[in-house]
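Report on the structure given below.
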Amino acid sequence: MMRASSFEPFWEAAQALDAVIFVHPNQVVGADRMRDYHLANLIGNPTDTSLALAKCIFGGVLERFPRLKFLLAHAGGFLPYTWGRLDRGYKVDASCHEKIPKTPGEYVKLFYFDTIAHSQMALEYLVANFGAEHVLLGSDYPYDMGDPEPVETVRRAKLDSRAKEQIFSQNACRLLRVGA
């Protein structure tokens, strides 16, 4: 198993390069317990994303490298919807604030999310809580759980036209430093 400190050169280089780190799970933890009903994908993928970034938060990665840009697949997994639980843990368990001076929710607000929520309400929640500037159009192509009509998904969402334009292209252009 790799120690978290072994990633320090990677975090340092990613921040120096102003790189976007796209997080997409693969070979999820606990897959042996989720063989039925496609659960390794349905539950395992969002769990792995949430686990990885919660460890980055509590481990102080974002405190040491505050300009890192993480883009999370699958609308951030469960992380955007459980940040209150992480904040509660921070308040009640001393180990949760050994390496970070702020609540986990303050770090979650730094992340970027794709639109692959498979729920209009969840997509609208992401925009309402993290801002349209933190949401990017996603397809999850070529995977079976991808959104076959990602543009239509965003068009149907109850978002203003400025937010939709940010999600469709402006955010990606800004993060990747392309275009105007």
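A few remarks follow.
- The chain: relative contact order in percent, alpha carbon pairs under 8 Å with at least 6 residues between: 18 percent
- Pairs of Lys residues in the chain that lie 8 or more places apart, or on two chains, and have C-alpha atoms under 23 angstrom apart add up to 15.
- Within the chain, helix-based [θ] at 222 nm, where runs of 4 or more DSSP H residues each add -39,500 (n - 2.57), nearest 500: -10500 deg cm²/dmol
- Springs join every pair of Cα atoms under 10 Å in this Gaussian network model of the chain, and among LEU79, LEU53, LEU42 the largest mean-square fluctuation is at LEU42.
- Once the chain from PHE22 to ALA94 is taken as fully extended at 0.36 nm per residue, the excess over their C-alpha distance is 22.9 nm.
- Extended-chain gain in nm, criterion 0.36 nm per residue less alpha-carbon gap, GLU12 and TYR141: 43.4 nm
- For PHE113, residues with placed amide H under 5 Å, excluding near neighbours: LEU72, VAL135, LEU136
- Residue-normalised convex hull volume from the C-alpha trace of the chain: 136 Å³ per residue.
- Taking other C-beta atoms within 10 angstrom as a stand-in for reagent exposure, THR82, THR47 fall in the order THR82, THR47, fewest first.
- Of the trypsin sites (Lys or Arg not before Pro) in the range 130-180, those whose Cβ has at most 14 other Cβ within 10 Å and which sit in DSSP loop: LYS158, ARG177
- Here the residues ILE116, ILE21, ranked from fewest to most Cβ neighbours within 10 Å of their Cβ, fall in the order ILE21, ILE116.
Computed from the coordinates by the stated procedures, all read-outs in this text should not be read as laboratory data. Everything numeric in this text was worked out from a predicted model, so none of it was measured. Reconstructed Cβ throughout: ideal geometry from the backbone, glycine too, with neighbour counts over all protein chains shown.
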